[in-house]
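Accompanying notes for the structure given below.
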Amino acid sequence: MGKVIISLERLGLALAVICVTLIMFIVSYDAFSRYAFHAPLPWAFELISYYLMIAATYFAISATFQQGDHINIDLFRSIMAPRLRRVLDILWSLLGAAIFAVVAHGAWGEMAHAYSRNEFLPGYITWPAWVSQLPIVLGFALLVVRLCAHALTLLLRGSDPDVVDHTTGVEIKEHHE
């Protein structure tokens, strides 16, 4: 299961990198064409703000947790006993999974509603509204799976080698097939 989650996180991260790269090229070309030819890309803002920024953010969210790069307040965490730290990590992971499951479910409802009503986003090109919700649903769903797997691994093994813990200095081991 861990290998599948890591593979999905790597895929999400790769998609996020592609989105950021596209944003960079579109913004650069739009600025160049605006000032050099007085011909900006009229669809650039909508594509970037409705799709690419959202995809770049939410496709990377689980991999960001896995790498230990989410915001943490660890003032007291480093001086806690390992057992207490593990118990709190399990609780926080399960609480986070529950909250993000609610958000994913809400985004799924919004996406389904937009799809069923054939809604489009306003702009130069009529972009389908439901597509902008898809990265939110997929990103949070993967994060929920990662958080549940993390909590279960901590409960059963005492540590999770697949998730970086900067407080304890535990790094990810590479998975080889």
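State whether one or more residues within the range 26-41 are among the acidic types (Asp, Glu), crowded, with 16+ Cβ neighbours inside 10 Å, in contact with a helix residue (DSSP H, G or I) (Cβ under 7 Å, 6 or more places away or on another chain) and assigned to a helix (DSSP H, G or I).
Looking only at the range 26-41, we keep the residues that are among the acidic types (Asp, Glu), and these are 30.
Next, only the ones that are crowded, with 16+ Cβ neighbours inside 10 Å stay: 30.
This time we only want the ones that are in contact with a helix residue (DSSP H, G or I) (Cβ under 7 Å, 6 or more places away or on another chain), so: 30.
Next cut, assigned to a helix (DSSP H, G or I) only: 30.
So far as the range 26-41 goes, yes, one or more of its residues are among the acidic types (Asp, Glu), crowded, with 16+ Cβ neighbours inside 10 Å, in contact with a helix residue (DSSP H, G or I) (Cβ under 7 Å, 6 or more places away or on another chain) and assigned to a helix (DSSP H, G or I).
Take Leu156 and decide whether it is among the hydrophobic types (A, V, I, L, M, F, W, C) and touching a residue at least 24 places away in the same chain (Cβ under 8 Å). Explain how you work it out, then say what you get.
Values: among the hydrophobic types (A, V, I, L, M, F, W, C): yes; touching a residue at least 24 places away in the same chain (Cβ under 8 Å): no.
No: the conditions fail for Leu156.
For the list (1) over 17 Å from the mean Cα position of the chain (by Cα); (2) within 29 Å of Pro161 (Cα to Cα); (3) open to solvent by less than 50 Å² (accessible area, probe 1.4 Å), I need the number of the one condition that Gly12 fails.
Against the list (1) over 17 Å from the mean Cα position of the chain (by Cα); (2) within 29 Å of Pro161 (Cα to Cα); (3) open to solvent by less than 50 Å² (accessible area, probe 1.4 Å), Gly12 comes up short only on (1).
Any residue in the range 84-98 that is farther than 28 Å from Val4 by Cα, without any contact (Cβ under 8 Å) to a residue 60 or more places away in the chain and in a helix (DSSP H, G or I)? Talk me through it step by step, then tell me what you get.
Here is the first cut: in the range 84-98, the ones farther than 28 Å from Val4 by Cα are 84.
If we keep only those that are without any contact (Cβ under 8 Å) to a residue 60 or more places away in the chain too, we end up with 84.
From what's left, in a helix (DSSP H, G or I): 84.
Yes, the range 84-98 contains at least one residue that is farther than 28 Å from Val4 by Cα, without any contact (Cβ under 8 Å) to a residue 60 or more places away in the chain and in a helix (DSSP H, G or I).
Does Ile73 satisfy the condition of being out of contact with any Lys or Arg (no Cβ under 8 Å at 6 or more places or on another chain) and either under 23 Å from Leu134 (Cα atoms) or surrounded by 13 or more Cβ atoms within 10 Å (Cβ to Cβ) (or both)? Walk me through it before giving the result.
Details: out of contact with any Lys or Arg (no Cβ under 8 Å at 6 or more places or on another chain): yes; either under 23 Å from Leu134 (Cα atoms) or surrounded by 13 or more Cβ atoms within 10 Å (Cβ to Cβ) (or both): no.
No: the conditions fail for Ile73.
Of everything in the range 54-70, what is crowded, with 16+ Cβ neighbours inside 10 Å and in contact with a helix residue (DSSP H, G or I) (Cβ under 7 Å, 6 or more places away or on another chain)? Give them in sequence order.
Residues satisfying the conditions are Ile54, Ala55, Ala56, Tyr58, Phe59, Ala60, Ile61, Ser62, Ala63, Phe65, Gln66.
When you check Ala151 against the structure, is it among the hydrophobic types (A, V, I, L, M, F, W, C), in contact with a Cys (Cβ under 6 Å, 6 or more places away or on another chain) and touching a residue at least 40 places away in the same chain (Cβ under 8 Å), yes or no? Show your work before the answer.
Details: among the hydrophobic types (A, V, I, L, M, F, W, C): yes; in contact with a Cys (Cβ under 6 Å, 6 or more places away or on another chain): no; touching a residue at least 40 places away in the same chain (Cβ under 8 Å): yes.
Here the answer is no, as Ala151 does not meet what is asked.
For the range 103-121, which positions are open to solvent by less than 100 Å² (accessible area, probe 1.4 Å) and part of a helix (DSSP H, G or I)?
Val103, Ala104, Gly106, Ala107, Gly109, Met111, Ala112, His113, Ala114, Ser116
Within the set of pairs 6 or more residues apart or between chains, which connect a residue that is in a helix (DSSP H, G or I) inside the range 1-22 to a residue that is among the charged types (D, E, K, R) with Cβ atoms less than 6 Å apart?
That search, which allows pairs on different chains as well, returns Gly2/Asp162; Ile5/Arg146.
Could you pull out the residue among Ile54, Ile73, Ile48 that is of a type in the set (Val, Ile, Thr) and in a loop (DSSP other than H, G, I, E, B)? Can you show your working first?
Working: Ile54 fails: in a loop (DSSP other than H, G, I, E, B); Ile48 fails: in a loop (DSSP other than H, G, I, E, B).
Matching residue, one of Ile54, Ile73, Ile48: Ile73.
All but one of (1) open to solvent by 90 Å² or more (accessible area, probe 1.4 Å); (2) within 17 Å of His70 (Cβ to Cβ) hold for Leu94, so report the exception by its number.
It fails just one condition, (1).
The values are calculated or read from the model by the stated rules, or taken from the named source; none is laboratory data. Everything numeric in this text was worked out from a predicted model, so none of it was measured. Positions of Cβ are generated from backbone atoms using ideal geometry, with glycine treated the same way; all protein chains shown enter the neighbour counts. Note: areas computed on protein heavy atoms with side chains; ligands, DNA, RNA excluded. Shrake-Rupley method; radii C 1.70, N 1.55, O 1.52, S 1.80 Å.
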